[in-house]
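Peer 1: The following block contains the structure, expressed as structure tokens.
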Amino acid sequence: MFPAHVTKLDSGAYMIQSTGNLFASNESMKNKVDKKAENICQGKGFTDLGEKIQAYNQPIYVSGIVTTSSYKTFNKTIQCND
């Protein structure tokens, strides 16, 4: 899995995304996002504004053959507590 990616939204909230292959568990992706959220909010806690898991397929070229590969993302939007 790649490190969680953070985007600050205009509202002051943050959208955090974790990406993994088909073998990455939903729980491990969620834990990675929650750990990043705690770091962003500097231990003050946060409010969960929504989360979702999405799966994607994309064509890939391997050894002269075009086939399909899958990956998934876990997205969570948070607001840091004051």
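The values are calculated or read from the model by the stated rules, or taken from the named source; none is laboratory data. As the structure is a computational prediction, the values presented were derived from the model and not from experiment. Quick reminder, even Gly has a Cβ in these numbers, built from the backbone with ideal geometry, and neighbours come from all protein chains shown. Quick note on the areas: whole protein, heavy atoms, side chains included, nothing else; ligands and nucleic acids left out. Shrake-Rupley method; radii C 1.70, N 1.55, O 1.52, S 1.80 Å.
Peer 1: All other residues with a Cβ under 14 Å from the Cβ of Q54 taken together, and with Lys, Arg as +1 and Asp, Glu as -1, what is their net charge?
Peer 2: +3
Peer 1: Turning to a different aspect of this structure: Beta carbons within 10 angstrom, averaged per residue: use that to sort the peptides 24-33, 51-60, highest first.
Peer 2: Those peptides, ordered most packed to least, come out 24-33, 51-60.
Peer 1: May I ask which residue of Q42, S70, S28 lies farthest towards the positive end of the charge dipole of the chain, with charges of +1 (Lys, Arg) and -1 (Asp, Glu) on Cβ and the Cα centre as origin?
Peer 2: Positive-most Cα among the choices belongs to S70.
Peer 1: Tell me the label-point distance for the pair E51, D82, using the 7 Å Cα-to-Cβ offset, in nm and rounded to one decimal.
Peer 2: The modelled label-to-label distance comes out at 2.6 nm.
Peer 1: Peptides 38-46, 13-21: what's the order by average Cβ count within 10 Å, highest mean first?
Peer 2: Put in order of decreasing packing, that is 13-21, 38-46.
Peer 1: Something else now. In whole percent, how big is the carbon plus sulfur part of the accessible area of the chain, probe 1.4 Å, protein atoms only?
Peer 2: The computed percentage sits at 52.
Peer 1: What value does the chain have for Rg/Rh, both radii from Cα atoms and Rh as Kirkwood defines it?
Peer 2: Over the Cα atoms of the chain, Rg/Rh equals 1.10.
Peer 1: Additional query: Relative to the longest principal Cα axis of the chain, at what angle does helix 26-40 sit, 0 to 90 degrees, rounded to 10?
Peer 2: Rounded to the nearest ten degrees, it is 40.
Peer 1: With a probe of 1.4 Å, find how much accessible area the range 12-58 has per residue, and write the answer as a whole number in Å².
Peer 2: Ligands and nucleic acids excluded, the figure is 62 Å² per residue.
Peer 1: Take the alpha carbon gyration tensor of the range 1-48, find the square roots of its eigenvalues, order them as a ≥ b ≥ c, and report rounded if a/c is under 1.5; if not, report prolate when a/b exceeds b/c, else oblate.
Peer 2: Since a/c reaches 1.5 and a/b is larger than b/c, the shape of the range 1-48 is classed as prolate.
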